[in-house]
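Notes follow once the structure below has been shown.
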Amino acid sequence: ASLSRCEQNEGLNAFITIRQREELLNEARASDKKRREGSSIGALEGIPLSIKDNFCVKGVKTSCASRMLENYTPPYTSTVAERLSQSGAILLGKTNMDEFAMGSTSSTGAFGSVINPHTLNSQQRLSAGGSSGGSACAVATGMSFASIGSDTGGSIRQPAALCGVIGLKPSYGLVSRFGMVAFGSSLDCPGLFTRTVEDTAQVLQVISGHDARDANTTTRQVPNYMEKMRGEGLKGLTIGIPTEYNVKELNNEIRDLWMKGASDLQRAGANVVEISLPNTMHALPSYYVIAPAEAFSNLARYDGLRFGSQSKGSSTEELYSNTRSESFNSEVQRRILLGGFVLSRKSVDSYYLKAQRVRRLVRDDFHDAFSSGVDVILTPTTPTPALPLDNFSSPVEMYVNDVMTIPASLAGLPAISLPVGRSGDGLPLGLQLIGSRLSEDKLFEDPKIVI
Ligand code: GLN
């Protein structure tokens, strides 16, 4: 059924690679056989999942939607993919994305744009959001039941909101980055899309926890999320509403939904309070210094010699330069140049180090809120519903879309986007819940509560 949905929805361009049909069906048959014979089965036995094209899977092309890695087939498998396979899941294929996960539209990749499934029949095709738009689209259409994405500054939560599915960015360090192509190493979080909170909890259970191959993963015992979910509801839970998220760019329908969400949660027993996160407005500019600086360093390996496509050149310098000019799109080139600039000797103090200090202030704001008794923070996920694919005329216009998701990324906090409403013209709208570090279980508190 998943494969035929993939065929029906080919026009949405959600996948870059779908694995061979026979191979997939064989895996499915093997899972069925295990069930029939009553042998021990994995937590996700036989369930078709998909994974963003920036996670390595041995023997399967991993392109990051870039010409640079167009022909790259990794000789090893990422921890996330390995844990999914060990739990019996069937990895259908690799989902489409913005090139190297830099973007918010899933339209900057080398293999075409992902189309938002909510707009296929209208004249104007809308963006699925990004950079994990292919994964959001695959889950929204039932091509796969869950999909792994990556979130550096909002790339799971934003497309989840725009496609009407659930998207979780776990705490930094809960899920291993081993085998995920690096963008901004201090921000990169593997995470996932599903259609129910229970599914999020079940898949997260499988992929999270310590991994010796990613030194930043937590050594804490991962809680049993499903067990925690049979919780006591919202009584005694304090939910903070940060006034600084009420920005002028916020669409009115989303602002109304946010207020309605707050009052519904109050009616369900939560204590809803206004809070202040005063440095929120500085988060976006500091992210757009830190993320490019880390990208500059991470992408240095793509020089055409050690890694990636190779262009011609009469000297080594020329070979490097031609390779990078021809194989990276303009957004990736822009980030590399920006990153190099903010790290250069003359600029490092006024840009990079200053951005790091701002990052600390943003983190401290959240810390203060949580230590004053707030359990969870409720905000919109995006300032607007899905926008037309050709909407963005300048990079800064695109960057502004990340204003609601970036603060939690800078602070390394878990955040989930829930599809809780529709705009007047039927487009999905999402709200975001942000928790304190490693408090994912609180975000899933009670699956029966629908706001
Ligand atoms: N849109 C943000 C950026 O372009 C975030 C991307 C991401 O989370 N991978 O950097």
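Read-outs: derived from the displayed coordinates by stated rules, not from any lab. Just so it is clear, the model here is predicted, and its values are computed rather than measured. Positions of Cβ are backbone-derived with ideal geometry, glycine not excepted, and every protein chain shown enters the neighbour counts.
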Original post:
Long-range amide H contacts for Val57: which residues qualify at under 5 Å (H placed 1.01 Å from N, peptide plane, sequence gap of 5 or more or a different chain)?
Top reply: Ser78
**OP:** Return the calculated 222 nm mean residue ellipticity for the chain, to the nearest 500 deg cm²/dmol, obtained by summing -39500 (n - 2.57) across DSSP H runs with n ≥ 4 and dividing by the residue count.
**Re:** -10500 deg cm²/dmol
Subject >> Residue-span extension gain [Ser330 to Val247] - 0.36 nm each, minus C-alpha spacing >> reply: 26.9 nm
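Using a 10 Å cut-off around each Cβ, can you sort Thr316, Thr95, Thr219, Thr381 from fewest to most neighbouring Cβ atoms?
On the way: Thr316 11, Thr95 34, Thr219 7, Thr381 28.
The fewest-first ordering by Cβ neighbours comes to Thr219, Thr316, Thr381, Thr95.
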Original post:
Got a sec to turn the phi values of region 436-443 into Karplus ³J(HN,Hα) couplings, 6.51 cos²θ - 1.76 cosθ + 1.60 with θ = phi - 60°, whole Hz, x for Gly and Pro?
Top reply: 6, 4, 6, 10, 3, 4, 5, 5
Subject >> Cα-only Debye scattering, region 306-357: base-10 log of I(q)/I(0) at q = 0.14, 0.16 Å⁻¹ >> reply: -0.50, -0.60
**OP:** Would you calculate the separation in nanometres between label points at Asp368 and Asp264, each defined as 7 Å from the Cα along the Cα-to-beta-carbon direction?
**Re:** 3.1 nm
Subject >> Linear extension gain, Lys442 paired with Lys235, 0.36 nm per residue minus alpha-carbon span >> reply: 73.3 nm
Subject >> Alpha-carbon centroids, region 166-230 and region 1-55: separation in whole Å >> reply: 21 Å
Original post:
How large is ³J(HN,Hα) for each residue in region 18-25, as worked out from phi by the Karplus curve 6.51 cos²θ - 1.76 cosθ + 1.60 (θ = phi - 60°), to whole Hz, x for Gly and Pro?
Top reply: 10, 5, 4, 3, 5, 4, 5, 5
Subject >> Mean Cβ count within 10 Å, highest first, over the residues of peptides 431-440, 68-77 >> reply: 431-440, 68-77
Original post:
Arranged from highest to lowest average of other beta-carbon atoms within 10 Å per residue, in what order do the peptides 382-389, 39-46 appear?
Top reply: 382-389, 39-46
Subject >> Alpha-carbon centroid distance for the pair region 383-444 / region 300-363, whole angstrom >> reply: 27 Å
Original post:
Quick one: which of Lys169/Lys346; Lys52/Lys169; Lys58/Lys94; Lys260/Lys442 span more than 24 angstrom between C-alpha atoms?
Top reply: Lys169/Lys346
Original post:
Size of the dipole of the chain about the Cα centre, Lys and Arg at +1 and Asp and Glu at -1 on the beta carbon, nothing else charged, in debye to 20?
Top reply: 560 debye
**OP:** Compute the FRET efficiency between Ser276 and Arg213 as 1/(1 + (r/R0)^6), taking r as their Cβ-Cβ distance and R0 = 51 Å, and round to the nearest 0.05.
**Re:** 0.80
Original post:
Where does each of 199-207, 1-9 land if you order them by average Cβ count within 10 Å, highest first?
Top reply: 199-207, 1-9
**OP:** Report ³J(HN,Hα) in whole Hz for each residue of region 264-271, in order, from the Karplus equation J = 6.51 cos²θ - 1.76 cosθ + 1.60 where θ = phi - 60°; Gly and Pro get x.
**Re:** 5, 5, 4, 4, 7, x, 7, 9
**OP:** Multiply the residue separation of Leu25 and Arg255 by 0.36 nm, subtract the distance between their alpha-carbon atoms, and state the gained length in nm to one decimal.
**Re:** 78.2 nm
